[in-house]
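Okay, so here's the structure we're looking at.
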Amino acid sequence: MERKRYAIIMAAGSGSRMGADMPKQFMKLGGKAILQRTMEVFLEAVPGITIVTVLPEQYIDYWKEYCYRNSFTCPQILVKGGMTRFHSVRNALERIPEGALVGIHDGVRPLVTPGFVAELYSRAEAVPSLIPVTPCIETIKVLREKEGVLEAVPGVEADRSVLYGAQTPQMFWSEVLKDAYLQAYDTSFTDDASVVERNGKSLSFMIGERLNIKITTQEDLVLARAIDSIRRD
Ligand code: C5P
């Protein structure tokens with residue numbers, strides 16, 4: 001039997017790297033909040049999906065009001081975020097039952113396509129963890145900063161041929177994810193895959209979409225707007 005499908009949309013970050021007066025997930029892309037655009041991809045890709053939206057506590061009323069004013073009537077479970085992304089995910093998992101299929105996605109990645117999301121949900125029925133990755137195209141330098149100057153870290157080289165960037169949505173069977181999130185927080189947990197891997201579980205991977213960028217800085221927003229307008233033409 002197919003697992004019940006959930007998406008946890010992570011939007012409880014403060015967006016400090018954007019330097020704007022509002023967290024980036026609420027800024028506009030094509031006339032709508034980035035968060036709405038992201039959620040619409042999942043609603044289109046996975047019929048009957050249940051969305052858990054994780055928000056900064058002080059923006060929960062703002063988001064309710066936004067949805068009402070913009071007639072964005074998607075049923076969603078609103079959850080307040082935590083100190084770090086790890087703690088935000090842990091809060092959201094309280095609302096997810098065992099035996100479900102969960103995609104955890106950054107609310108600031110609205111350019112993932114519905115076709116790719118649908119394919120991830122379909123393939124993840126067969127494997128407990130499925131992580132989209134893109135091959136590293138830059139040459140990587142391993143450096144450290146010393147008194148304001150960058151210098152090479154001796155004896156450490158990065159072999160680009162084995163380096164991949166992890167994206168979201170990262171897919172998990174909920175029992176695997178809930179068990180992994182019982183671990184104590186560690187600063188090296190930068191995504192959900194690292195939490196599950198530390199818990200002794202192996203991961204499966206699939207090549208992701210290059211344009212599924214995480215809107216983190218002003219430059220990313222410029223890029224996202226350009227990609228979005230080209231797609232609409
Ligand atoms: O900070 P970072 O860029 O890794 O954030 C990735 C995603 O996690 C963003 O969508 C952000 O809103 C979310 N986040 C969260 N709770 C936090 C920190 C980040 O939901 N405490």
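Determine the percent antiparallel among the DSSP beta bridges restricted to region 1-104, to the nearest 5. Don't skip to the answer; put the middle values down first.
Values: 2 of 17 bridges.
Expressed as a percentage, antiparallel bridges in region 1-104 total about 10.
Where in region 118-181 are there trypsin sites (Lys or Arg not before Pro) that are in a DSSP coil and have at most 14 other Cβ atoms within 10 angstrom of their Cβ?
Numbers: sites: Arg123, Lys141, Arg144, Lys146, Arg160, Lys178; in loops: Lys141.
Passing both the DSSP loop test and the Cβ count: Lys141.
Subtracting the Cα-Cα distance from 0.36 nm times the residue separation, let me have the gained length for Thr113 to Ile230 in nm, one decimal. The partial results should precede the final answer.
On the way: separation 117, 0.36 × 117 = 42.12 nm, distance 1.41 nm.
Gain on stretching Thr113 to Ile230: 40.7 nm.
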Problem set entry | Carbon and sulfur %, accessible surface of the chain computed with the full protein complex present, 1.4 Å | 52 percent
Exercise. Which value, in Å to one decimal place, does the Kirkwood hydrodynamic radius take for region 127-217 when every pair of different Cα atoms is included?
Worked result: 15.4 Å
For this session: Take every DSSP beta bridge whose two residues both sit in the chain, then give the antiparallel share in percent to the nearest 5.
Result: 40 percent
Exercise. What relative contact order, as a whole-number percentage, does region 82-207 give when Cα pairs under 8 Å and 6 or more residues apart are counted?
Worked result: 36 percent
Problem set entry | Under 14 Å from the Ser122 label point (7 Å along Cα→beta-carbon), backbone N, region 147-178 | none
Exercise. Roughly speaking, what is the stretch gain from Ser71 to Tyr185, that is 0.36 nm per residue apart minus the C-alpha to C-alpha distance, in nm to one decimal?
Worked result: 37.2 nm
Seminar exercise, completed: Note on the chain: contact order normalised by length, alpha-carbon pairs under 8 Å, 6 or more apart, percent, works out to 25 percent
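Would you calculate, for the chain, the mean residue ellipticity at 222 nm contributed by helices, counting each DSSP H stretch of 4 or more residues as -39,500 (n - 2.57) and dividing by all residues, to the nearest 500?
On the way: 7 runs with 70 residues, N = 233.
Calculated at 222 nm, the ellipticity per residue is -9000 deg cm²/dmol.
Trypsin sites (Lys or Arg not before Pro), restricted to region 41-100: which are DSSP loop and have at most 14 other Cβ atoms within 10 Å? Each step should come with its number before you reach the end.
Working: sites: Lys64, Arg69, Lys80, Arg85, Arg90, Arg95; in loops: Arg95.
When the trypsin sites (Lys or Arg not before Pro) of region 41-100 are filtered for loop state and at most 14 Cβ neighbours within 10 Å, Arg95 remain.
Which of rounded, prolate, oblate describes region 1-155, given a ≥ b ≥ c as roots of the alpha-carbon gyration tensor eigenvalues and a/c under 1.5 marking rounded, otherwise prolate only if a/b is larger than b/c? Show your work: numbers first, answer last.
Working: a/c = 1.88, a/b = 1.31, b/c = 1.43.
Here region 1-155 falls in the oblate category.
The values are calculated or read from the model by the stated rules, or taken from the named source; none is laboratory data. Everything numeric here is computed off the predicted structure, so don't read it as measured data. Cβ sites come from the backbone with ideal geometry, for glycine too, and all protein chains shown count toward neighbours. Ligands, DNA and RNA are excluded from the accessible area calculation, which covers all protein heavy atoms including side chains. Shrake-Rupley method; radii C 1.70, N 1.55, O 1.52, S 1.80 Å.
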